[in-house]
Amino acid sequence: MATPFPEILEWYSLTAMVNEMKSQQAFIRNLLFGDVRTYDTENIVYSVLSGGREVAPFVKKNGEAIMAGGYEEAEKNVSPANIRIKRPLEAADLIFRRHAGDEVFLTGGPAEKVAREVARQMQRMEDLVANAEEYLCAQALRGVISYSSADESVFTITLGKSVGNTITLTDFWDETGDIAETHLTVRARMHGQVQLQPTDCILGEEAAAAFIKSQSAKELLDLRGVTFGGMDLTTGFASSGVMQGAMFLGVIGGVRYWAYYPSVTLPDGSSYALVRAKYAEYVHAGPAAMNEMAYGPISDLDALDAGLLSSRRFSKSWRQKDPSVQQVLIHSRPLPIMKRPDSVVSVKVVSG
């Protein structure tokens, strides 16, 4: 017996759908890892030449030459992460279910709605992969990339960032710390290590608040007639584009300052702050830093047949006959590589 619905004869109005899906995070990836490369092998090797600033030894006049040391060579071998996710879309859900934003009474058949729902699900999976990439990039700033797989295997990649490139101030920004002094310390450290200068500074939540409140920053930004800096609090956090999720604060001494403190939710349910709350991450965002977003080969025979073995993303869809299910899948092998990891100087600028 059918259940009566007296309210069916009442009038309804359908207003615009509210989209509360969080957009993907990609600020660090876009800022530092714009050089995208795909590879055909599991292992990626790059060489490093190094040599310090040793002084040549002195010898007496007409004395015998002293043996001098040469440069050092090293090879680093890394392997990309493996992301492969899928989602089953049941026929009854695709064909008969009315999804968010659909009209109450169907006209013209469900085919268009089915295609749109499949596209939505694929976009959601793409966002998950993009967030995973940003998570890896955020870890690269700290010098070590570590993640675990579904079978609880743990993978760790040490990029070789020097211990001295993580600095804890003795006089913090939320106390009486001088931002200009921090600026000089970072410049000296980065130049001493890799002969580069910082172009950008990414501030965590507490660091951004301390920067805005700092008397030191106000004094620097209040200078008139000097090409040194300026603060802009009118732009807000970018809701789209390459700077998604970041807020541009201004420029001091040629370094752009950004507030960026979203978190991502890891597979185990824990929350991970992409930039540590109390830290300022000074980075060189130019090609001389030799940062690279590498993608390994897709281990899928369909990708091989389609000539897509080396690609940023591989997606496919297939149908299960009975019960009728549309399966959608996306596969990616990302790894952010910092060939000159000392082009990042991490500074704890807030006490506690």
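The values are calculated or read from the model by the stated rules, or taken from the named source; none is laboratory data. These figures come from a predicted structure and were not determined experimentally. Here Cβ is always computed from backbone atoms with ideal geometry, including for glycine, and neighbour counts include all displayed protein chains.
The figures follow:
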item	result
Residues of region 257-293 classified as of a type outside the set (A, V, I, L, M), part of a strand (DSSP E or B) and within 23 Å of A150 (Cβ to Cβ), total	4
Failed criterion for S324 (all others in (1) within 17 Å of the chain's Cα centre (by Cα); (2) under 30 Å from I95 (Cα atoms) hold)	(1)
Subset of region 162-184 [over 26 Å from the mean Cα position of the chain (by Cα) and surrounded by fewer than 17 Cβ atoms within 10 Å (Cβ to Cβ)]	T170, D171, E175, T176, A180, E181, L184
Residue selected from region 323-352 under the condition touching a Lys or Arg at 6+ places or on another chain (Cβ under 7 Å) and among the charged types (D, E, K, R), by the criterion nearest to R37 (Cα to Cα)	D342
Filter result for S149 (in contact (Cβ under 8 Å) with a residue 24 or more places away in the chain and surrounded by fewer than 17 Cβ atoms within 10 Å (Cβ to Cβ))	yes
Selected residue [at pLDDT below 70 and loosely packed, with under 12 Cβ neighbours inside 10 Å] from A16, A74, A65, A56	A16
Search result, residues across region 120-179 that are in contact with a strand residue (DSSP E or B) (Cβ under 7 Å, 6 or more places away or on another chain) and among the basic types (K, R)	R142, K161
Hey, Y39 hydroxyl-bearing (S, T, Y) and at pLDDT below 75 or not	no
Where a residue in region 154-174 is closer than 16 Å to L141 by Cβ and its partner, wherever it lies, is among the small types (G, A, S) and buried (at least 18 other Cβ atoms within 10 Å of the Cβ), with Cβ under 6 Å and at least six apart	L159/G143; K161/G143; T166/S346
Region 327-339, residues that are buried (at least 18 other Cβ atoms within 10 Å of the Cβ) and under 17 Å from the mean Cα position of the chain (by Cα)	S332, R333, P334, L335, P336, I337, M338
From the options R120, R116, residue that is at pLDDT below 80, touching a His at 6+ places or on another chain (Cβ under 9 Å) and part of a helix (DSSP H, G or I)	R116
Candidate set from region 136-161 (those that are of a type in the set (G, A, S) and part of a loop (DSSP other than H, G, I, E, B)); member that is farthest from V264 (Cα to Cα)	G160
Criterion: surrounded by fewer than 16 Cβ atoms within 10 Å (Cβ to Cβ) and on the phi < 0 side of the Ramachandran plot - qualifying residue of K321, K348	K321
